[in-house]
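What follows is a single structure, written as structure tokens, with notes after it.
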There are 2 protein chains.
Amino acid sequence: MEEEKEVLTERILNAIKSRNASEVREIFETIPNIDIAECLDEVDDAAVFLYIFRTVSSEYTSDFFAELTTEQQELIINAFTDKQLIELLENSFADDIVDTLEEMPANVVNRVLKACPPDLRKDVNNLLNYKENTAGSVMTTEYLDMKDTLTVKDALKIIRTRGKDAETVYTIFVRDNKRNLEGTINLDDLIFADEDEKLEDIMDRDFVTCNVNDDQEEVANMFKRYDLNAMAVVNNENKIIGIITIDDVVDIIVEEATEDIAHLNQISNMDEPYLKTPVFKLVLKCAPWIIALMILQVFSTLILSSFESAIASLTILSVFTPLIMDAGGNAGGQTTTIIVRSLSLDEFEKGDFKRVVWKELRVAACIASVIATFAFGWLMFEMAVGIVDTKTAVENLGFGKVQVMFTIAGLVASTLFVTMVAARLIACMLPFLAKKLKLDPAVMCGPLTTTMVDVISLLTYFILWSTLFGRLLGL
Amino acid sequence: MEEEKEVLTERILNAIKSRNASEVREIFETIPNIDIAECLDEVDDAAVFLYIFRTVSSEYTSDFFAELTTEQQELIINAFTDKQLIELLENSFADDIVDTLEEMPANVVNRVLKACPPDLRKDVNNLLNYKENTAGSVMTTEYLDMKDTLTVKDALKIIRTRGKDAETVYTIFVRDNKRNLEGTINLDDLIFADEDEKLEDIMDRDFVTCNVNDDQEEVANMFKRYDLNAMAVVNNENKIIGIITIDDVVDIIVEEATEDIAHLNQISNMDEPYLKTPVFKLVLKCAPWIIALMILQVFSTLILSSFESAIASLTILSVFTPLIMDAGGNAGGQTTTIIVRSLSLDEFEKGDFKRVVWKELRVAACIASVIATFAFGWLMFEMAVGIVDTKTAVENLGFGKVQVMFTIAGLVASTLFVTMVAARLIACMLPFLAKKLKLDPAVMCGPLTTTMVDVISLLTYFILWSTLFGRLLGL
């Protein structure tokens, strides 16, 4: 791959340097734009790009501009004459222009908006106003809608004349006289149909739509659920104002999944490729979480400190503290992950909360029993073979090694049982609570669960020790 | 939502119970199949489904069968006569049939294969043989390929006659006489083109393909990168043998992201919706990880146990052990997540390993400095206000409270610095190593990193204490 890229880069740069127009055209006709853009990702000479746009037909460079880096785009816009800029914009879709503008300084934005044809400018301005991550912010306004009384023949004629300006012609939106959406038709059905049939007779009436303010994650889930190619976006009066196409949805799904992955693992987000993210940004995405978690740990620190005398009298207790806290953290993390992901994928319906808690209660009881039983055996083994030294404990407690082993393993296993059940129950409930409070479950639930589980496990450990076990053993 | 579903369920069941054929048809014409299937998800009476398939035209039930539960599908197949089964199969695509068969008992599989028309049976058998998660296992064999010498007019005629049997007609694959793939044409370009043009003159020559053995994740990344609707799958002789369409890719992306999320958070996988996964399966997905992590913890237990005397002489050391281990675990987890996700999204090229390590070294140094500095201040605060009791430490060490505070905070901060740097460096290197060894980075790297970081942090803590600090303080 690396080698191929070097060869290609050299070929492109040579062709441009020697002003070999036919070779440059051949390259753009046979190689995907994104591969060419990647080869040129370190070029910061506007002349190179001006030559490309002048030489190659816009048919082959239509999305080349969109694939360049923000810096390169700014460079090109500044180097373009107004006429060139207008030409570029006329071949672009409103949603791509918006994506570009969102990264540009104000003076560049103004220049671009001025160069836009009035219709396009209105669309771009509209799109720029929708809140991030809503259907409105990802939709495009260039779609084909047709009246329900048209014939298939007329519809195909309209597609031939107006279709090039639309983001997709694979889905046609059919409306009545009052611009109410009545149905959709896929292009293939139009081709399979009889020329004289009316759209209203062949359209699908079981279409779905989304509201312009819907969250993009919900939109993506609808595409998946209904296997759509394109979906109409409607306003509060139920009139169509834009469409979302499946290629945008692919990006949304990747973005939302990456966001969940980041938050579940205590990172602010991962919206840029790692190697393109500046060092200080990576520090900002990671360090605050570790500090926040350290501050939240104040509760467990407090508990550990107040039971210092218990530790002093039996230091073996401190050997198993990390084991208990880690097991609780892992169990909570597993449940948080499962529930948060299920919420993201829209798996739950209203009323499912109770079913989740009841299911989790059973899962937790099983896992807690398994883990407690295993831990008991494992600790007995660790102490028996001397991985954990019991000599001091035997001296301090004043009874035989086997009794010490049973006592310690029993204490840890009992604590683990309580910890596991608590961890999974807390972790399955918090995400629903966060969602109800309109907070991001992936952000809140990990740290909160860990903190609560740490407190519960440590208190159980030391209280079990100082009361039940202490009393049983007559200490 | 819940209420709507109840109303719809009642409407459907009433219509079927009263044998109201026109109402049943109306329902299937106006409501998406998946919504109907979900309403009927608890129906286990074959007669209900037989009535539906008999009453509603196959045009409206084409993917209804695929949306039903495995149990319902089995029920229907067993209730169908051979003739009905053949009819159902004729309207299905090979890849959907394969999805169904993979869940069925052997006798049902045999009956279905026998009922398949010979061509379809061959395709189904072929698809059943590809390894899971390869391009071959998700491709479909129903595509349209045409000779490059055809005219646009002829091509549209072929689409009208053969298109209904193809998974997509939006992308046409153009081949030469020897069945070598020469280019692709999108349906809209065909419609925009002049009737008499030849395919070879209007086809896109900058298409990309994948090999039948490529991993489905790579395929999904290519769709994203090149904004494709469909891609040809070729064999080792570079001949086209199938295609993958974007709706399959949406499923792949969700599946792969969910797998990463699961593995990064120590769960075997989450391939079924939570509420549909049996309790014992959830236990099996979670419990083994906690046990494995507990066993891996043997190293830190060993270290803690062998430094028990250091703890006994200064119990305050044990108060901060969890804080150090957790911070290291969190830092390692952040880096593992970032690198594993970047590898999944195919962000790195050959030779990027060194760039990643160099970048991570700088990030780690910054974060380690920030965290160590913060921790120093935070511990000073905790000890100053009495969250952590220093009385015993003052007695044991035999010098003033302020000196004790500086000593402990300095020791923890130094340990954290080493831990942070080690955690991030190990975590950024292991995923590359795992990939080189053809292991799943998301599975291996979390637990391995945690284990190594735990060992490093505890050794640093106690060795720093017993040598450097111990000597400095003349203990």
Self-check item: segment B:9-34 residues that are without any contact (Cβ under 8 Å) to a residue 24 or more places away in the chain, paired with ones that are part of a loop (DSSP other than H, G, I, E, B) and surrounded by fewer than 16 Cβ atoms within 10 Å (Cβ to Cβ) (beta carbon under 7 Å, 6 or more apart)
Solution: B:Thr30/A:Arg205; B:Pro32/A:Val208
Practice problem: Might you check whether a residue that is touching a residue at least 24 places away in the same chain (Cβ under 8 Å), part of a loop (DSSP other than H, G, I, E, B) and among the small types (Gly, Ala, Ser) occurs anywhere in segment B:52-67? | Solution: yes
Quiz item: What tally of residues in segment B:229-264 results from selecting those that are in contact (Cβ under 8 Å) with a residue 24 or more places away in the chain and part of a loop (DSSP other than H, G, I, E, B)?
Solution: 4
Quiz item: Taking the stated definitions as given, is B:Val453 assigned to a helix (DSSP H, G or I), among the aliphatic types (A, V, I, L, M) and in contact with a Phe, Trp or Tyr (Cβ under 6 Å, 6 or more places away or on another chain)?
Solution: no
Quiz item: Which of the residues that make up segment B:191-210 are within 23 Å of A:Asn33 (Cα to Cα), in a strand (DSSP E or B) and touching a residue at least 40 places away in the same chain (Cβ under 8 Å)?
Solution: B:Cys210
Quiz item: Got at least one residue in segment A:376-399 being assigned by TED's automatic domain parsing to the domain that holds A:Arg424 and under 12 Å from A:Met420 (Cβ atoms)?
Solution: no
Quiz prompt | Pick from segment B:251-276, criterion within 9 Å of another protein chain (Cβ to nearest Cβ) and among the β-branched types (Val, Ile, Thr), ranking: surrounded by the fewest Cβ atoms within 10 Å (Cβ to Cβ) | solution = B:Val254
Quiz prompt | Lone unmet requirement of (1) out of contact with any Ser or Thr (no Cβ under 9 Å at 6 or more places or on another chain); (2) not assigned by TED's automatic domain parsing to the domain that holds A:Ala393 for A:Ile303 | solution = (2)
Exercise. Give the residues of segment B:233-250 that are within 14 Å of chain A (Cβ to nearest Cβ) and at pLDDT 90 or above, sorted by residue number.
Key: B:Ile244, B:Thr245, B:Ile246, B:Val249, B:Val250
Self-check item: Total residues in segment B:179-193, condition more than 11 Å from chain A (Cβ to nearest Cβ), within 30 Å of A:Leu228 (Cβ to Cβ) and not aliphatic (A, V, I, L, M)
Solution: 1
Quiz item: Given segment A:305-418, what helices (runs of 4 or more DSSP H) lie entirely inside it while holding 1 or more residues that are closer than 30 Å to A:Lys436 by Cα and more than 30 Å from the chain's Cα centre (by Cα)?
Solution: A:352-384
Self-check item: Selection status of B:Glu167, surrounded by fewer than 18 Cβ atoms within 10 Å (Cβ to Cβ) and assigned by TED's automatic domain parsing to the domain that holds B:Val233
Solution: no
Quiz item: Tally time: how many residues in segment B:272-290 are assigned to a loop (DSSP other than H, G, I, E, B) and within 19 Å of A:Glu256 (Cβ to Cβ)?
Solution: 1
Quiz item: Which of the residues spanning segment B:7-51 are within 37 Å of the chain's Cα centre (by Cα) and outside any helix (DSSP H, G or I)?
Solution: B:Ile31, B:Pro32, B:Leu40, B:Asp41, B:Glu42, B:Val43, B:Asp44, B:Asp45
Exercise. Examine segment B:132-139 for a residue that is under 31 Å from the mean Cα position of the chain (by Cα) and at positive phi, and state whether such a residue exists.
Key: yes
Quiz prompt | Hey, B:Arg355 surrounded by 21 or more Cβ atoms within 10 Å (Cβ to Cβ), within 7 Å of chain A (Cβ to nearest Cβ), charged (D, E, K, R) and farther than 29 Å from A:Arg355 by Cβ or not | solution = no
Quiz prompt | Selection count, segment A:145-174, where residues are within 13 Å of A:Met203 (Cβ to Cβ) and either β-branched (Val, Ile, Thr) or at pLDDT 90 or above (or both) | solution = 12
Practice problem: Give me a count of the residues in segment B:167-208 that are in contact with a helix residue (DSSP H, G or I) (Cβ under 9 Å, 6 or more places away or on another chain) and within 20 Å of B:Lys239 (Cα to Cα). | Solution: 17
Practice problem: May I ask you to say which residue of A:Lys224, A:Lys281 is closer than 22 Å to B:Lys224 by Cα, facing another protein chain (nearest Cβ under 10 Å) and out of contact with any Ser or Thr (no Cβ under 8 Å at 6 or more places or on another chain)? | Solution: A:Lys224
Quiz item: So which of B:Asp196, B:Asp154, B:Asp176, B:Asp165 ends up being within 19 Å of B:Ala94 (Cα to Cα) and more than 11 Å from every other protein chain (Cβ to nearest Cβ)?
Solution: B:Asp165
Quiz item: Which of the residues belonging to segment B:120-175 are of a type in the set (Val, Ile, Thr), free of Cβ contacts under 8 Å to residues at least 40 places away in the same chain and not in a helix (DSSP H, G or I)?
Solution: B:Val169, B:Ile172, B:Val174
Quiz item: Would you pick out the residues in segment A:306-325 that are touching a residue at least 24 places away in the same chain (Cβ under 8 Å) and among the small types (Gly, Ala, Ser)?
Solution: A:Ala310, A:Ser313
Quiz item: Across segment B:326-366, what is the total count of residues that are without any contact (Cβ under 8 Å) to a residue 60 or more places away in the chain and at positive phi?
Solution: 1
Quiz item: Which of the residues belonging to segment A:71-115 are closer than 25 Å to A:Thr30 by Cα, assigned to a helix (DSSP H, G or I) and either more than 14 Å from chain B (Cβ to nearest Cβ) or more than 31 Å from the chain's Cα centre (by Cα) (or both)?
Solution: A:Gln72, A:Gln73, A:Ile76, A:Gln84, A:Glu87, A:Leu88, A:Leu89, A:Glu90
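The values are calculated or read from the model by the stated rules, or taken from the named source; none is laboratory data. This structure is a prediction, so every number in the text was calculated from the model and none was measured. When we count neighbours, we look across all protein chains shown, and the Cβ atoms used for this are built from the backbone with ideal geometry, even at glycine.
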